[in-house]
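> What follows is a structure written as structure tokens; I'll ask about it next.
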Amino acid sequence: MAEDELKLQEEADDQLINGAFEVLLNDYVASRHRKKVDLITKAFNFARQAHKGVRRLSGEPYIMHPIAVAQIACKEIGLGSTSICAALLHDVVEDTDYTVEDIENIFGAKIAQIVDGLTKISGGIFGEQASAQAENFKKLLLTMSDDIRVILIKICDRLHNMRTLDSQPANKQYKIAGETLYIYAPLANRLGLNKIKSELENLSFRFEHPDEFAAIENKLKSTSVSRDELFAQFTTPIEEALKGMGIKYEIKERVKSPYSIWNKMQNKHVSFEEIYDILAVRIIFTPNNREDEINECFKIYVAISKIYKSHPDRLRDWLSHPKANGYQALHVTLMSKQGRWIEVQIRSDRMDEIAEQGFAAHWKYKDGVEEEYTEDETELNEWLRTIKEILDDPQPDAMDFLDTIKLNLFASEIFVFTPKGEIRTLPANCTALDFAFSIHTFLGSHCIGAKVNHKLVPLSHKLQSGDQVEILTSKSQHVSPSWINFVSTAKAKAKIQAILRRDNREIQRKGEDTLNAFLQKNGFEPSLVLADKLAEFHDYSKRGEFYMALGEKIVLLGEKDIDELNGKNKVSDDGIGWRKYVPFVGKKKKEETQKHDLFIVPEKFNRKKPIFINEENINQYKFMGCCHPIPGDDALGYINNKNQIEIHKRTCPVAAKLKSSFGNRILDIKWDMHKILYFDATIRISGIDRVGMLNEITQIISSQMNVNIHKITITCEDGIFDGSIDLRVHDREDVKTIIDNLKRVPDLKEISEIM
């Protein structure tokens with residue numbers, strides 16, 4: 001019987017695998033690429049045999065994953081046979097006994113090179129070794145600079161892993177979703193893969209904040225009818241105008257993604273109902289003449305602005321100067337007859353395909369070029385050059401490295417001119433100093449100022465689109481630590497940090513010598529353990545920073561340091577001296593508030609199981625001041641270097657970096673609280689001032705809800721008040737209830753929680 005079941009299972013697997021591969025082949029044959037069906041079939045059969053008998057956590061045969069990755073590469077990005085074969089083979093070297101040399105002998109050098117690049121950065125996508133994502137990211141960028149297809153296939157791999165993330169335990173979901181949002185979505189954006197970027201963001205959002213995701217999805221469904229009516233009313237006169245012009249067009253409704261809506265709700269402190277740009281309209285036309293498509297965009301703009309009034313400050317021209325990721329379109333915001341501003345995006349079918357598929361779509365439009373990769377993508381190669389420069393001088397701290405790279409991944413762009421009239425693309429909010437470093441490191445490091453439009457400005461002057469910039473230098477000028485505070489490009493930041501590190505090494509050596517001499521003088525054998533102990537005693541998280549402070553004589557060693565090394569310094573016995581942030585002020589008797597020992601994670605600790613926090617064990621965890629988590633928040637745990645568990649909100653910027661760099665230390669946190677302890681929360685309020693307003697607010701909070709107000713700060717100017725209220729609440733649900741009740745107070749216009 002068991003054999004019969006096994007045979008049936010094998011038949012079902014074969015049917016599933018063959019069906020998936022057939023879909024892949026059909027999509028490939030329908031594409032514009034040269035038809036190398038035999039090569040793809042050969043790669044499929046090889047990978048199928050290599051992964052035979054292996055299953056994913058979801059239970060399906062492992063080969064389904066490489067097929068799915070190849071399918072995304074083929075259909076959603078538009079890559080050709082080389083990439084499809086590499087996608088099918090991308091896990092063979094990592095997970096089986098085959099080598100890169102085997103792949104090269106069977107499939108050629110190019111496919112082997114891409115598979116080798118993917119193997120170097122893999123380390124098992126769900127394995128423990130995948131936790132050091134920052135290091136993997138460095139390898140990813142290094143291999144990417146040899147062949148961009150490495151990173152494109154890696155993004156396909158990540159997208160499929162996100163689509164099948166349900167089978168993973170919660171702590172792995174947070175890790176993978178976190179690094180996806182922090183690294184892969186910005187990369188997809190930088191490479192012009194807009195559709196994939198949006199899906200990665202939404203999937204990350206769904207796994208990290210399932211309740212909020214479901215709430216926004218439901219609201220989008222419930223408001224779809226009214227949105228469709230608005231779309232139909234708004235576009236009817238536009239369609240008539242386009243038909244009259246004889247333009248072949250398509251009008252699409254673009255609805256803001258759940259992640260974008262949630263992001264705006266968080267950043268602007270507004271509700272779903274207060275977001276007015278959920279609907280946008282996209283006009284996609286087929287030009288009569290490819291060379292005239294930009295003019296046709298402007299003709300459409302002129303025609304529709306005769307129907308509706310356009311917003312003068314919201315015209316975005318990405319036609320003449322496309323974004324660095326290749327995006328081209330004309331964005332205009334129009335006032336509808338219903339009194340709503342609606343953004344209209346005008347682009348040709350070619351521009352639309354590039355907007356969705358990124359650089360891969362460029363290759364389709366190169367005359368007579370059927371090859372799937374070309375070297376002359378100027379903007380892309382310029383970005384890769386910047387990445388190479390940063391990699392040439394790698395930063396010692398993986399987190400700093402991620403931050404430096406990330407600076408330019410999501411940046412908006414401006415266009416500035418050199419004195420000779422050459423155009424340069426830079427991120428928005430960049431300064432004259434950024435411009436100097438973008439031209440040459442020597443120019444940046446010796447920059448004393450600039451002339452912008454022939455007027456003298458300081459290094460920190462922010463540039464605007466259209467500025468003409470001339471850099472002024474002096475040989476006596478040296479890089480200053482303060483420069484790091486006002487540059488905004490990855491290149492400038494990396495170069496400044498590299499120069500400062502070189503300068504700092506000498507100071508650190510001096511500091512280290514000072515410490516060693518002090519230790520020896522007082523009978524201690526110099527060691528890193530003692531250095532770390534004194535660094536922590538002086539509130540320095542890194543040993544290098546402590547050496548710097550000693551070298552610059554900011555810290556002077558003395559008797560108190562000897563006491564610390566001998567264990568004579570006493571810790572405060574108020575029960576809270578060890579905490580960076582005390583989240584609760586429970587009304588307990590003094591004898592009950594004794595200091596609790598922090599929970600230390602044992603060696604054989606099941607990290608897949610959630611940790612339940614309740615009143616009895618809450619003191620065993622470190623609640624971090626960077627995000628002030630309280631019960632009811634979507635939270636996670638992080639095992640720090642001392643094996644203690646830190647609690648962060650999942651939205652915390654610090655947690656975002658931890659998920660990307662130390663994913664195997666992330667834990668799932670669940671709350672099991674019973675409204676006994678109290679926690680701090682702050683609500684911001686603003687509105688129109690009137691007699692009795694403050695009394696109404698305090699009545700709702702104190703009398704009706706029986707919540708303790710700790711502090712109120714209100715300022716009033718010209719009849720408008722603004723302020724904050726510090727409360728003692730049991731959990732996040734209390735805060736939401738208070739905000740909902742306050743919304744009923746007349747003239748109270750804005751209420752939000754300060755996170």
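The values are calculated or read from the model by the stated rules, or taken from the named source; none is laboratory data. Worth saying up front: this structure is predicted, and the values here are computed from it rather than measured. Neighbour counts run over all protein chains shown; Cβ positions are idealised from the backbone, glycine included. Heads up: the accessible areas ignore ligands, DNA and RNA and are worked out on the full protein's heavy atoms, side chains in. Shrake-Rupley method; radii C 1.70, N 1.55, O 1.52, S 1.80 Å.
> Select from the stretch 713-752 the residues that are acidic (D, E) and buried (at least 16 other Cβ atoms within 10 Å of the Cβ) and list them in ascending order.
So the first thing to find is which residues in the stretch 713-752 are acidic (D, E), and the list is 717-718, 722, 726, 731, 733-734, 740, 747, 750.
Correct list: D731, D734.
This table checks each residue for (1) crowded, with 18+ Cβ neighbours inside 10 Å; (2) at pLDDT 90 or above; (3) assigned to a loop (DSSP other than H, G, I, E, B); (4) of a type outside the set (V, I, T).
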{"position": "A681", "(1), (2), (3), (4)": "yes, no, no, yes"}
{"position": "S686", "(1), (2), (3), (4)": "no, no, no, yes"}
{"position": "I697", "(1), (2), (3), (4)": "yes, no, no, no"}
{"position": "N706", "(1), (2), (3), (4)": "no, no, yes, yes"}
{"position": "K711", "(1), (2), (3), (4)": "no, no, no, yes"}
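> Go through the stretch 435-469 residue by residue and tally those that are in contact with a helix residue (DSSP H, G or I) (Cβ under 6 Å, 6 or more places away or on another chain), not hydrophobic (A, V, I, L, M, F, W, C) and not in a helix (DSSP H, G or I).
1
> Please go through the stretch 240-254 and give me each residue that is open to solvent by 60 Å² or more (accessible area, probe 1.4 Å) and either of a type in the set (V, I, T) or within 25 Å of E356 (Cα to Cα) (or both), ordered by number.
Result: K248, E250, K252, E253.
> Give the stretch 192-238 a look and list any residue that's over 27 Å from T180 (Cβ atoms) and either of a type in the set (D, E) or out of contact with any strand residue (DSSP E or B) (no Cβ under 9 Å at 6 or more places or on another chain) (or both), or say none.
S222, T223, V225, S226, D228, E229, A232, Q233, T236, P237
> Residues of the stretch 333-349 being farther than 20 Å from I275 by Cβ and either without any contact (Cβ under 8 Å) to a residue 60 or more places away in the chain or crowded, with 21+ Cβ neighbours inside 10 Å (or both), which ones?
Result: I346, R347, S348.
> For the stretch 501-523, does any single residue satisfy the condition of being closer than 16 Å to S438 by Cβ, assigned to a loop (DSSP other than H, G, I, E, B) and open to solvent by 30 Å² or more (accessible area, probe 1.4 Å)?
Within the stretch 501-523 (the criterion being closer than 16 Å to S438 by Cβ, assigned to a loop (DSSP other than H, G, I, E, B) and open to solvent by 30 Å² or more (accessible area, probe 1.4 Å)), the answer is no, since none of the residues qualifies.
> Still on this structure: Which of the following residues is within 19 Å of F662 (Cβ to Cβ), in contact with a Phe, Trp or Tyr (Cβ under 6 Å, 6 or more places away or on another chain) and polar (S, T, N, Q): Q168, Q173?
Result: Q173 is the single residue among Q168, Q173 that is within 19 Å of F662 (Cβ to Cβ), in contact with a Phe, Trp or Tyr (Cβ under 6 Å, 6 or more places away or on another chain) and polar (S, T, N, Q).
> Could you please tell me which pairs satisfy a Cβ distance under 9 Å, a separation of 6+ or placement on different chains, a first residue in the stretch 530-554 that is basic (K, R), and a second residue that is not in a helix (DSSP H, G or I)?
From residues that are basic (K, R), the pairs are K542/D397.
> Shifting gears a bit: Hey, among the residues in the stretch 301-344 that are acidic (D, E) and within 25 Å of V416 (Cα to Cα), which one's nearest to the chain's Cα centre (by Cα)?
So the residue we want is D317.
> When H311 is evaluated against the numbered criteria (1) modelled with pLDDT under 90; (2) surrounded by 16 or more Cβ atoms within 10 Å (Cβ to Cβ), which criterion, by number, is the only one it fails?
Answer for H311: the failing condition is (2).
> While we're on this one: Pairs only if they're at least six apart or on different chains, beta carbon under 8 angstrom, first in the stretch 666-677 and at positive phi, second assigned to a strand (DSSP E or B) and basic (K, R); list them, first residue then second.
Partner pairs satisfying both residue conditions: none exist.
> While we're looking at this one, here's another question. Within the stretch 7-63, track down each residue that is closer than 28 Å to S167 by Cα and either touching an Asp or Glu at 6+ places or on another chain (Cβ under 6 Å) or among the hydroxyl-bearing types (S, T, Y) (or both).
Selection gives S58, P61, Y62.
> Let me ask another. What are the residues in the stretch 451-472 that are farther than 13 Å from T418 by Cα and either buried (at least 17 other Cβ atoms within 10 Å of the Cβ) or of a type in the set (A, V, I, L, M, F, W, C) (or both), if any?
Once the filter is applied, which keeps residues that are farther than 13 Å from T418 by Cα and either buried (at least 17 other Cβ atoms within 10 Å of the Cβ) or of a type in the set (A, V, I, L, M, F, W, C) (or both), the stretch 451-472 yields L456, V457, L459, H461.
> Do we find that F486 is in contact with a strand residue (DSSP E or B) (Cβ under 6 Å, 6 or more places away or on another chain) and open to solvent by 40 Å² or more (accessible area, probe 1.4 Å) in this structure?
Working: in contact with a strand residue (DSSP E or B) (Cβ under 6 Å, 6 or more places away or on another chain): yes; open to solvent by 40 Å² or more (accessible area, probe 1.4 Å): yes.
So F486 fits the description; yes.
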